[in-house]
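**Q** Before I ask anything, here is the structure I am working with.
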Amino acid sequence: MGGMGTPKLVIRPGNPDFLDLPWDTPINDWTHERLVDMPTGIHRHPVVFVAYDEGVFAIKELPLRIAKSEFEVLRLLEDRTHRAASPAGWLTRPWLDPHSEQAGVVITRYVRHSFPYRRLVHGLGFGQRRDHMLDSVASLLVELHLVGLYWGDCSLSNLLYRWDAGLIEAIMIDGETSMLKEELSTGQRLQDLQIMIENVAGEMADIAAEIEADLDHADLALGEDIAARYHALWDELTEDLVVGKDETYLIRQRLDVLQSLGFVVDDFSLEPAGDGRLVKMKVSVAGRTYHADRLRQLTGLEASETQARVLLNDLSYYQAKHGTHTATGRVLAAIDWLKEGFEPYIELIAAEWPDEDPIQRFCDFLHHRLRMAEERSQDMENEEAFAKWLSDGGPGIPPDAFAIAELD
């Protein structure tokens, strides 16, 4: 593979070979039939999207060293978090100078049902979704730092977002400046936060300039508020807990809090503290996938974290309603819930809204069913509630449905 126009491709299993694309020309000059328009943010390097039977893929051109580094970081990151773009492969054009902007290519799977932050902008900022944005970016940065990723260029544009029940989930899509380590130092984390604060302030200033608003009215504090949320969450996850030997209930309470925030507790250790009457609890926390992992174990379903929480609540409601108290009974009830309370409605939703995330729409339905039950002060059967939800236009979960907990 050495001549002009013959690239070297490294493709991971389960993806197309991409050999039918015109690699001998820059991607911005392509007029290929596989090209599709997809919602995306602002990119430092050229990006196009191509559609195959296996899905939609983002193709980004950049210098070879950066392309290889980004692919490797994203590949290794897959084993540590689900909140980053999945790499499909990388490519080099060996006939070009490896430092040129078109020498390398990174191919990633497009994040399904995602959208750029501009879709959430209202006027000078994010309106009712501002707290959701704080939580989504802060929790993503915490999760990435916990698994050892130094990003180096976190910004609203380097993320995609998707609905997560009533909240928003942020997904990292740009790893050009990233490095993976066993553990980040405090200095590296703080530097990453400072870069984020500056980038976000610039983006909010751009929004103000576009609508010709006074810069004094721009939401320039958004990045600082994300950082404050980050620090509170980081402290909640990493601070040691010291309890008396007769206060061991606080250990269970601490684990419950971490799991309610969605974080998986890898393990925890207890060691003597002080004069022996106290115990220090150290916790090792992994990704924010506690409910998603539990849902997958029980049902095989893949969902984002808050979606999984909503679905697990509905599954628990179904199990209680059908009087399943034994472990075997709960397993059988989970199977029945899938067949009777989930799959038929997912099929109806997919037919009604083929381009939307069916699990998100199912969560919308569950929220609407709950509101109807509260109004009537009685349980609502799925069939009746679903018909009413459809007749009401399939309303989504309102922005204030999920209060975001304030952490001290």
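The values are calculated or read from the model by the stated rules, or taken from the named source; none is laboratory data. Source: prediction; values computed, not measured. Virtual Cβ from ideal backbone geometry, glycine too; neighbours counted across all protein chains shown.
**Q** From the set of residues in the stretch 267-287 that are closer than 13 Å to Glu247 by Cβ and not small (Gly, Ala, Ser), which is surrounded by the fewest Cβ atoms within 10 Å (Cβ to Cβ)?
**A** Restricting to residues being closer than 13 Å to Glu247 by Cβ and not small (Gly, Ala, Ser), the top hit is Arg277.
**Q** Would you be able to say whether some residue in the stretch 165-182 is more than 30 Å from Asp400 (Cα to Cα), out of contact with any Phe, Trp or Tyr (no Cβ under 9 Å at 6 or more places or on another chain) and of a type in the set (A, V, I, L, M, F, W, C)?
**A** The answer is no, given that none of the residues of the stretch 165-182 is more than 30 Å from Asp400 (Cα to Cα), out of contact with any Phe, Trp or Tyr (no Cβ under 9 Å at 6 or more places or on another chain) and of a type in the set (A, V, I, L, M, F, W, C).
**Q** Restricting the first residue to the stretch 77-98 and requiring it to be more than 22 Å from Gly287 (Cβ to Cβ) and in contact (Cβ under 8 Å) with a residue 60 or more places away in the chain, which pairs with a second residue that is part of a loop (DSSP other than H, G, I, E, B) and of a type in the set (Phe, Trp, Tyr) meet a Cβ separation below 9 Å and a spacing of at least six or different chains?
**A** Hits for this filter: Gly89/Phe18; Leu91/Phe18; Leu91/Trp23; Arg93/Trp23.
**Q** Could I ask something else about it? Within the stretch 349-364, track down each residue that is surrounded by fewer than 16 Cβ atoms within 10 Å (Cβ to Cβ) and assigned to a helix (DSSP H, G or I).
**A** Hits for the stretch 349-364 are Ala350, Ala351, Glu352.
**Q** Does at least one position in the stretch 219-230 carry a residue that is charged (D, E, K, R), farther than 18 Å from Asp131 by Cβ and not in a strand (DSSP E or B)?
**A** no
**Q** Out of the helices (runs of 4 or more DSSP H) lying entirely within the stretch 265-336, which hold 1 or more residues that are of a type in the set (A, V, I, L, M) and over 22 Å from the mean Cα position of the chain (by Cα)?
**A** Answer list for the stretch 265-336: 305-321, 327-336.
**Q** For the stretch 26-46, which residues satisfy the criterion of being among the β-branched types (Val, Ile, Thr) and under 21 Å from the mean Cα position of the chain (by Cα)? Please lay out each step first, then the result.
**A** Start the filter on the stretch 26-46 by keeping residues that are among the β-branched types (Val, Ile, Thr), which leaves 27, 31, 36, 40, 42.
Answer for the stretch 26-46, where residues must be among the β-branched types (Val, Ile, Thr) and under 21 Å from the mean Cα position of the chain (by Cα): Thr40, Ile42.
**Q** Condition first: touching a strand residue (DSSP E or B) at 6+ places or on another chain (Cβ under 9 Å) and among the hydroxyl-bearing types (Ser, Thr, Tyr). Can you find one or more residues in the stretch 186-205 that meet it?
**A** no
Yes or no, residue by residue, for (1) touching a residue at least 40 places away in the same chain (Cβ under 8 Å); (2) of a type outside the set (Phe, Trp, Tyr); (3) out of contact with any helix residue (DSSP H, G or I) (no Cβ under 8 Å at 6 or more places or on another chain); (4) under 24 Å from Glu383 (Cα atoms):
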position: Ser284; (1), (2), (3), (4): no, yes, yes, no
position: Arg288; (1), (2), (3), (4): yes, yes, no, no
position: Ala292; (1), (2), (3), (4): yes, yes, no, no
position: Ala303; (1), (2), (3), (4): yes, yes, no, yes
position: Asp314; (1), (2), (3), (4): yes, yes, no, yes
position: Tyr318; (1), (2), (3), (4): no, no, no, yes
position: His322; (1), (2), (3), (4): no, yes, no, yes
position: Ala327; (1), (2), (3), (4): no, yes, yes, no
position: Asp336; (1), (2), (3), (4): no, yes, no, yes
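**Q** Then there is this: Please work out which one of (1) surrounded by fewer than 16 Cβ atoms within 10 Å (Cβ to Cβ); (2) within 22 Å of Ala165 (Cβ to Cβ); (3) hydrophobic (A, V, I, L, M, F, W, C) is the condition Leu261 fails and give its number.
**A** Answer for Leu261: the failing condition is (1).
**Q** Take the stretch 321-370 and flag every residue that is of a type in the set (Asp, Glu) and over 25 Å from Ser391 (Cβ atoms).
**A** Step one: of the stretch 321-370, the residues of a type in the set (Asp, Glu) are 336, 340, 343, 347, 352, 355-357, 364.
The one that is of a type in the set (Asp, Glu) and over 25 Å from Ser391 (Cβ atoms): Asp336.
**Q** Next question, about the same structure. Name the residues in the stretch 32-46 that are at pLDDT 95 or above and either closer than 24 Å to Pro94 by Cβ or not in a loop (DSSP other than H, G, I, E, B) (or both), would you?
**A** Of everything in the stretch 32-46, those that are at pLDDT 95 or above and either closer than 24 Å to Pro94 by Cβ or not in a loop (DSSP other than H, G, I, E, B) (or both) turn out to be His32, Arg34, Leu35, Val36.
**Q** Let me ask another. Anything in the stretch 99-115 that is over 23 Å from Gly287 (Cα atoms) and part of a loop (DSSP other than H, G, I, E, B)? List them, or say none.
**A** Matches in the stretch 99-115: His99, Ser100, Glu101, Gln102, Ala103.
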